[in-house]
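Encoded as structure tokens, the structure appears first; notes follow it.
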Amino acid sequence: MEDLAAIMERQGLTKEDLLTMLRQMAEIRAFEETVYDLLGRNVIKGASHLYAGEEAVAVGAIAAIREDDIITSTHRGHGHCHAHGDKHAPTPEAKQEHLNKMMAELCGRATGYCKGRGGSMHIADVANGNLGATGIVGGNIPVATGAGLAISMRKTDQVALCFFGDGASQTGNFHESLNMAALWKLPVVYVVENNLYGMSVPFDKASCVPNVADRAVAYGMPGEVVDGMDVLAVHEAVSRAVARARRGEGPSLIECKTYRWYGHSRSDPRVYRTREEEKAWRERDPIPRLARRMVETGVATQEEVDAVLAKAQEAIARATEFALSSPMPPASEVAQDVYAPDFWTPEMVEAERALRRRVREDKTMRQIPYWQAIVEALREEMKRDPAVFVMGEDVGLYGGAYGATRGLFDEFGAERVRDTPISEATIAGAAVGAAMTGLRPVAEIMYVDFTPLAMDQIANQGAKNRYMFGGKTRVPMVIRTEGGTGRCIAAHHSQSLEALWVHFPGIYVVMPSTPYDAKGLLKASIRDDNPVMFIEHKMLYGVTGPVPEEEYVIPLGIADIKREGKDVTVVTYSRMVYRALEAAEKLAGEGISVEVIDLRTLKPLDLETIVTSVKKTGRLVGVTEAYRTGSFLGEIFALVNEEAFDYLDAPMVRVAAEDVPVPMSETLEAAAVPSTQSVIEGIRKALRGR
Amino acid sequence: MITEVILPQLGETMNEGTIVQWLVKEGDTVNKGDVLFQLESDKAVLDAEAPARGTVLKILHPKGSKVPVLTVVALIGEPGDDITPYLSGVAAAAAAPAAPEPPAAVAEAPAEVAAQGGRLFASPRARRVARERGIDLRTVRGSGPGGRIVEADVLAAAALEPRATPLARKVAEEAGVALTEVAGTGPGGRVVRADVEQRVRPAAPTPAAVPAAAPAPAGEMVPLAGVRARIAERMSRSAQETARVTLTTEVDATRLVEARTQLKDALSDTLGFAIGYNDLLIAICARALREHPNVNCRLEGDQIRLLDEVHIGLAVDTDRGLLVPVVRNADRLRVVEIAQRLRELVARAREGKSGPDELTGGTFTITNLGMYGVDAFTPIINLPECAILGVGRIRPEPAVLGGQIAIRQRLWLSLTFDHRLVDGAPAARFLQRIATLVEEPYLLLA
């Protein structure tokens, strides 16, 4: 074995550094043993995936980064959280406080890192650069890549350290992210903790190459296998990769071969591995291994080492006492912190209402198409705030599949108007990571039909992180996409999938119908501190309408009554606004007075405007281009039922798309979605009462 | 351009339909889709909509007409359009056997549809508006699908009916005062109790409240309103429509009196009330009806419906007027159950709190005037039922029993039946069966 003094010399480590590593590893071990015990006593509820055995990886890797660097963690993340939190705690008291908050979070207490919202699988400390653990295997690889992108765009020498397991290396996120990071030379160090099993399935039953690191060559980055039971080996390899990243040479993949002492989770009987194998790995336990080396080489005395190990037990005992004596979070706070606070004021709402009147009445106002309104919004916001940037497939030189980023590439360059590989999950996940680390990404997913490819990243990470992390982060990103029928491009390019997106708490959904709305709402969405799904309509890009010359934003959550009426209320959004207005015009000739409400934003929803209108007319028709079953109309109707039941004079009527995948053929496509005539029939039905 | 309004074919089996009601009149402007008239097929009452926008130039077939499907029944166009080509057809129609006035039952159809099965269909908005304005939805005719009451119906009813507090409404009803004749002094001209009481007490009339009346015969005017109006309408309809015959028979009620006395003595403490003759008579009539289903029937159009269930109504004199609570499925109830049910029904009827199906849906009615010393009378059939039993007083009389003169409890029974539905002999057999059960009430146990 190499001489320890030589290793310390080469890695620039002091005795104190080594004692810190030993302490951190011992504390993780004691923490996990305590958690195992608390789980067994049902004091800790839920799932906990224990890190015992793998301590050298987290401790060695995190020792290799600076305090201003970023990490992302995994469902087996207590080790990362501790090594990172300990590094950021300057005093012994702060270190104890950090352990207290960690244990309290696992116990679901109000005093925990995330106020008991996340628990073991969603523990985070975003303020200090720990972007958190995730319950989705591979879920944080794109997020770390996005953090790397943010660092790269800010041109600092920080790095992002991305932990994940051998199981995650089989996901699409791994491939997409490593490719994107290598392509853009992002400062990300990918650390694979290969503990040989993806839950129960051995690595050699999941991969025909023996090492995850072997795959690095496919992405054009260095790959290295290290002994994950040797904290100094991990430290050395990660230090090398970090130095490379800081030099701007791009990402690395480091595979740490390691082993978990316990099963996948507390309930795992470990039938898939032998006790002999477990014993062999336990003989390589990283904690006594480091302690022994230090004593044997005279770096530390046995007494010093023993004292460290004993204190670790005490620290965890204190943390446990703190956690168990902490209050549970009050049930009254269950709905807190889902959304970041709104930035708009009542004055802004009123100003927009006045502006809207002007837009409607001022016949001399300039007219621009919808696509140009989008471009203007992006341009103005990019000029206003250097944190804003655009990324997506073909958004650069090409100007976007529908021309909504036209000209921006020339004006702002390839860095801020960034063409991506065809990697929807990582486009979205990178947006999440960049947003959590200070940028305001506007990521384009070319068709809303493709957003399910990115659903995990947008819904599980982007939408939920703020809440799961106790309100201690913001994800100010916009996913721009478009939907709808009209171009005969069939069921993978013509859907209206907004109902998928309104379902998740934590994300707003905006669907403008006019150039004026599109510009003002996009600007508001970019400035909003919440994730926003901004869904345009492919048949509206060419629609022209009045847009003021001056700067304006439209607060989210304010519906627009596009036409006033008294006999029946039509609630709709996006392109169907035009069909509703045509229907209203035709019916006006028969003396029927139709009120058309354009929701503009589905979430936040302007229920007040809907209810006020229904109270006036007593009849409600909903019109959507989305599939009838599970469409957003169902939600609106349920709300009206709750809020205005006594004002309904007839059953509410849905006018929605057929429950068929949107067909290609022109006649079939037209038959699949509401026409002006079907809106008229819907209105008549509401008036007849059946 | 003239657009023809035809009587639509609403089903493959529909050959003709009756125009129940015109909702527009000549000269009205209508929009395409407006409801023009209601028609009744053999199955239901349905709305017929305007096929075009324009002025109603001519209604060719009035309310009540029964016409073949696809007949032109009205014309829509511009004022001044020449409609003479259509008028010869009307002349022909007029020459044909005169279109009968619609029977009252048909005119009432929409309201009856609304209350079908005892449930009243009204939109939530209509219910709210009715609640706010103190309108009883049971008095409102629904114009919506299936007779559903919508807001417009309530507003129309409210326009006819003055706004009044519920208390004022109750006081007015009890006093038999029409609210239309009471000047409201409450908020927004609402009639309050004091207004009604003022109207009732003519002692201190304010000069303004006294109309400049034309000379009229002396006597207080009591408006024909509320329950009184309903009774008037139903009685006259029954008197006009039915072919009624009354059969009378005198029976020996001694054992009925004994049975009643024994039941009273045995059960009064437990029940908290005494079993009465009406309870026993309901049980007797229910049994007799079950055995004589040809009397348990009603007329529907040109068909007789033999009813599956036996529901017995009992005429009750209340402060609110004559009411007929109905004991449903009386043939399946024990006497005690009948007695309990009847008392609940009567109590609610007296308080004006009857449920919608508690005063309707009977298949036979009993009216008992014995307590007033009446011996026999000719009751009026409670439409749409087929028959009614009048019960006289029970009194001791000398009678021949086993060749001896004995003092027996005698009772006159009067059965009025509708000869259109049942003939004299079967009706007599039915009455005979009632007589037997009165004379030998223990047969109820059989």
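The values are calculated or read from the model by the stated rules, or taken from the named source; none is laboratory data. Values in this document were obtained by computation on a predicted structure and should not be read as measured data. Counting neighbours? That spans all protein chains shown, and the Cβs are built from the backbone with ideal geometry, glycine included. Note: areas computed on protein heavy atoms with side chains; ligands, DNA, RNA excluded. Shrake-Rupley method; radii C 1.70, N 1.55, O 1.52, S 1.80 Å.
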Where does each of A:571-580, A:624-633 land if you order them by average Cβ count within 10 Å, highest first?
A:571-580, A:624-633
Counting DSSP beta bridges in the stretch A:481-629, what percent are antiparallel, to the nearest 5?
25
Would you mind computing, in nm to one decimal, how far apart the modelled labels at A:Thr667 and B:Asp269 are, each placed 7 Å from Cα along Cα→Cβ?
8.8
Could you work out, residue by residue across A:139-145, how many beta carbons of other chains sit within 10 Å of that residue's beta carbon, and then give the average as an integer?
0
Please work out how much accessible surface B:Leu224 shows to a 1.4 Å probe, ignoring ligands, DNA and RNA, in Å² rounded to 10.
120
Give the distance, in whole Å, between the Cα centre of the stretch B:1-79 and the Cα centre of the stretch A:61-135.
78
If you average the alpha carbon positions of the stretch A:524-551 and of the stretch A:406-485, how far apart do those two centres end up, in angstrom?
16
Taking all protein chains as present, what is the carbon and sulfur share of the accessible area of chain A, in % to the nearest whole number, probe 1.4 Å?
55
Express in whole angstrom the spacing between the alpha-carbon centres of the stretch B:386-412 and the stretch A:599-617.
75
Residues of the stretch B:128-176 losing 30 Å² or more of accessible surface, assembly versus chain alone, probe 1.4 Å, please list them.
B:Arg128, B:Pro145, B:Arg148
Could you rank B:Lys264, B:Lys353, A:Lys257, A:Lys472 by how accessible they are, 1.4 Å probe, largest area first?
B:Lys353, A:Lys472, B:Lys264, A:Lys257
Output the antiparallel fraction of DSSP beta bridges having both residues in the protein assembly as shown, as a percent to the nearest 5.
50
Averaged over the residues of B:26-33, the number of partner chain Cβ atoms within 10 Å of each residue's own Cβ comes to 3
Need one value: the accessible area of A:His503 in square angstrom, 1.4 angstrom probe, rounded to the nearest 10.
140
Folded to 0 to 90 degrees: helix A:346-361 orientation relative to chain A principal axis, Cα:
40
I need the peptides A:583-596, B:298-311 ranked by packing, meaning the mean over residues of other C-beta atoms within 10 angstrom, with the highest value on top.
A:583-596, B:298-311
B:Glu16 paired with B:Asp82, simple spin-label distance in nm, labels 7 Å along Cα-to-beta-carbon:
3.3
Residue-ordered couplings for the stretch A:79-94, obtained by feeding phi - 60° into the Karplus form 6.51 cos²θ - 1.76 cosθ + 1.60 and rounding to whole Hz (Gly and Pro as x), are x, 5, 5, 5, 4, 6, x, 5, 4, 8, 9, x, 10, x, 5, 5
Given +1 on the Cβ of Lys and Arg, -1 on the Cβ of Asp and Glu, and no further charges, what dipole in debye does chain A carry about its Cα centre, rounded to the nearest 20?
920
Roughly how tilted is helix B:335-351, in degrees to the nearest 10 and between 0 and 90, from the longest Cα axis of chain B?
50
Carbon plus sulfur fraction of accessible area for the stretch B:244-445, probe 1.4 Å, in percent
49
For a protection proxy built on the mean count of beta-carbon atoms within 10 angstrom, sort A:324-334, A:218-228 highest first, please.
A:218-228, A:324-334
Using a 1.4 angstrom probe on the protein heavy atoms only, could you order A:His49, B:His292 from most to least accessible area?
B:His292, A:His49
For chain A, longest principal axis from Cα atoms; helix A:141-154 axis from its Cα atoms; angle between them, nearest 10 degrees, is 80
Using the Karplus equation 6.51 cos²θ - 1.76 cosθ + 1.60 (θ = phi - 60°), what ³J(HN,Hα) coupling, rounded to whole Hz, does each residue of the stretch A:113-127 give in order, writing x for Gly and Pro?
3, 10, 6, x, 7, x, x, 3, 8, 9, 8, 8, 8, 4, 4
Chains B and A: how much accessible area gets covered up at their contact, both sides added, probe 1.4 Å, in Å² to the nearest hundred?
1400
Kindly report the accessible area of chain A per residue (heavy atoms of protein chains, probe 1.4 Å, no ligands, DNA or RNA), in Å².
36
Extreme residue, positive dipole direction of the protein assembly as shown, given options A:Pro327, B:Leu160, B:Ile434 (C-beta unit charges):
B:Ile434
If R0 = 60 Å, then A:Ile489 and B:Arg332, at their Cβ-Cβ distance, give a FRET efficiency to the nearest 0.05 of 0.35
As a test question: what accessible area, to the nearest 10 Å², does A:Glu669 have when a 1.4 Å probe is rolled over all protein chains in place?
10
Once you have a ≥ b ≥ c as the square roots of the Cα gyration tensor eigenvalues for the stretch B:265-347, tell me rounded if a/c is under 1.5, and otherwise prolate or oblate according to whether a/b is larger than b/c.
oblate
Chain B: relative contact order as a whole-number percent, Cα under 8 Å and 6+ apart:
11
Hey, with R₀ at 51 Å, roughly what FRET efficiency would B:Ala218 and A:Ala351 work out to, going by the Cβ-Cβ distance, to 0.05?
0.10
For B:Arg190 and B:Glu258, what does the FRET efficiency come to when R0 = 56 Å and r is the distance between their Cβ atoms, rounded to the nearest 0.05?
0.45
Over the stretch A:595-641, what per residue volume does the convex hull of the Cα atoms give, in whole Å³?
80
Surface accessible to a 1.4 Å probe, per residue, for the residues of chain B, Å²:
52
How well do other chains shield peptide A:682-690, expressed as the mean number of their Cβ atoms within 10 Å of each residue Cβ?
3
Looking at the square roots a ≥ b ≥ c of the eigenvalues of the Cα gyration tensor of the protein assembly as shown, which shape do they give, rounded for a/c under 1.5, prolate if a/b is larger than b/c, or oblate?
prolate
The stretch A:346-546 - share of DSSP beta bridges that are antiparallel (%, nearest 5)
15
